[in-house]
1. Select, from A387, A373, A391, A406, the only residue that is small (G, A, S), in contact with a Leu (Cβ under 9 Å, 6 or more places away or on another chain), within 16 Å of G432 (Cα to Cα) and assigned by TED's automatic domain parsing to the domain that holds P291.
2. Looking at (1) free of Cβ contacts under 8 Å to residues at least 40 places away in the same chain; (2) assigned by TED's automatic domain parsing to the domain that holds K168; (3) among the small types (G, A, S), find the lone condition where G114 falls short.
3. Inspect region 359-382 for any residue being over 26 Å from K241 (Cβ atoms) and among the aliphatic types (A, V, I, L, M) and give the result as yes or no.
4. Answer yes or no as to whether R57 is free of Cβ contacts under 8 Å to residues at least 24 places away in the same chain, basic (K, R) and surrounded by 14 or more Cβ atoms within 10 Å (Cβ to Cβ).
5. Which of the residues that make up region 37-55 are closer than 12 Å to V17 by Cβ and assigned to a helix (DSSP H, G or I)?
6. Looking only at helices (runs of 4 or more DSSP H) that lie completely in region 266-354, which have at least 1 residues being touching a Gly at 6+ places or on another chain (Cβ under 6 Å) and surrounded by 24 or more Cβ atoms within 10 Å (Cβ to Cβ)?
7. What residue, among those in region 217-238 that are in contact with an Asp or Glu (Cβ under 8 Å, 6 or more places away or on another chain) and assigned to a strand (DSSP E or B), is surrounded by the most Cβ atoms within 10 Å (Cβ to Cβ)?
8. I need a count of the residues in region 291-338 that are in contact with a Pro (Cβ under 8 Å, 6 or more places away or on another chain) and over 22 Å from L198 (Cβ atoms).
Amino acid sequence: MEQKLFDTNVQWIKYKVLKEVIRRAYEGGLENAYLEIPKVISPGPKSELNCCIYKERAIVQERIHMAMGGDKENPNPVQVMETACDECPSAGMLVTPACRGCLMHACQDVCPRGAITIVNHRCVIDKSKCIECGKCSQACPYSAIIAQHRPCMQSCKVKAISINEEDKAVIDNNKCISCGACVYKCPFGAITDRSLVLDIIKMLKESENNTRYRVYAVIAPAIVSQCRFGRITQVVTAIKKLGFHQVVEAALGADITLYNEAREFREKGEGAVMTTSCCPAFVSFVEKNFPEFKDAISSSVSPMVTTAKLIKHSDPTARVVFIGPCAAKKGEYTLAKTGGMIDSVMSFEELQAFVDARGIDTTQCEDTILDNASYYGRIFAKSGGLAQGVAYVAEHLGIEGVKPVAMNGIDQCRMQLSLLRAKKATANFFEGMACDGGCIGGPLCITHSPRNVVDVDKYGNEAKEKTIDGSVRLYKMSMGEDNE
């Protein structure tokens with residue numbers, strides 16, 4: 001196992017803690033996790049990451065806590081580890097020593113609030129007047145004025161993160177949409193997702209090798225972009241070696257979701273406006289920031305839930321674990337509208353730690369071919385995939401008037417929904433993805449690479465069934481619905 005598997009050192013440390021927790025859950029020693037694992041991760045005597053070995057180990061203890069479930073009283077899967085929070089400076093607009101005391105005073109001229117004065121030939125910013133618009137920074141010929149914001153606050157597009165009296169980050173659950181952007185962007189890894197791996201291990205163990213009940217893994221199509229060590233067909237085999245009875249593509253549920261959403265659009269009739277319901281962070285964003293469009297959100301459950309529903313209808317005693325790149329899914333599966341179809345959620349990061357903790361070499365696994373879904377279901381993983389799919393299905397079903405738009409990231413979601421609010425939108429079907437790039441840009445991906453979209457397109461093209469018809473027929477037959 002090499003560190004280059006991950007984008008950042010923060011992910012590497014998180015992985016090491018998860019791997020050790022999982023190993024002990026199987027081999028013993030979990031009861032001493034808080035005492036022993038910190039010494040494994042940070043052997044000392046000198047600290048490699050913090051001011052002293054004692055703080056370093058204290059932070060590892062917080063990581064262990066999150067790896068073992070975190071604060072279960074907090075419904076938000078994204079949580080702050082206070083000890084790890086480094087109290088990053090957040091001075092706003094800051095004048096650096098690069099200020100030359102020039103004669104132009106462009107910074108002063110562009111300031112809309114008169115917050116800048118020139119004192120002893122140098123720029124001085126009055127914080128009580130500054131609105132942090134950044135115009136002074138853009139105007140300065142020496143780039144001497146910078147915006148100094150905490151990475152977590154800067155990454156949060158819904159302003160859910162604030163700073164408390166101890167200079168620690170605090171998440172407002174009433175604003176947070178659990179997108180996890182702060183998880184990936186925090187340079188100290190102080191904001192992270194709580195892990196459910198111990199619950200999943202318990203589920204697998206109590207199945208008694210799938211004899212008491214069967215445990216199914218539903219994998220998000222974005223997984224294909226994460227297979228840096230071994231082919232996707234080998235990763236599927238590795239998942240089965242962990243103890244899962246069967247692996248099913250969430251893209252199967254995506255096919256069915258496309259069909260259901262196209263029909264729902266038709267049923268709404270003339271003047272219909274719809275948004276997708278696949279991304280739980282986007283759905284939460286609409287509910288909390290554009291509540292007037294709550295009724296426009298598709299009534300279809302997400303592909304994750306649809307796939308699980310299909311599994312549990314054919315196997316009522318089944319347990320279903322979703323494996324994906326999304327922090328918000330760890331909250332979605334607990335919602336009443338999912339009907340208890342999903343029993344737990346595992347991230348791609350956690351899957352890598354799980355496989356390695358169990359000593360499974362993915363590159364040596366045989367191939368297990370999956371062919372559950374169509375091209376359109378598989379490309380749900382990228383921004384624009386759903387919009388492309390619904391346009392195809394609408395044409396296939398003879399539904400006219402569908403004008404889809406792909407909203408890539410929260411900023412684009414806000415822009416398009418604001419146009420809708422102002423009655424200036426040209427689209428009437430809004431695909432919302434909270435993460436830039438779609439699910440392939442999810443915060444719990446192992447790696448975030450421009451080639452991820454290439455991998456997804458290739459994976460879509462490998463689908464033997466190029467239309468959604470096969471998936472829809474399977475769903476109708478399984479659910480006892482009459483064909484149209």
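1. After applying the criteria, what remains is A406.
2. (2)
3. yes
4. yes
5. I37, P38, V40, I41
6. 280-289, 303-314
7. Checking each candidate, the answer is V218.
8. Looking only at that region, the number is 1.
The values are calculated or read from the model by the stated rules, or taken from the named source; none is laboratory data. Given the structure is predicted, the values throughout are model-derived calculations rather than measurements. A quick note on method: Cβ atoms are made from the backbone with ideal geometry, for glycine too, and the neighbour counts reach across all protein chains shown.
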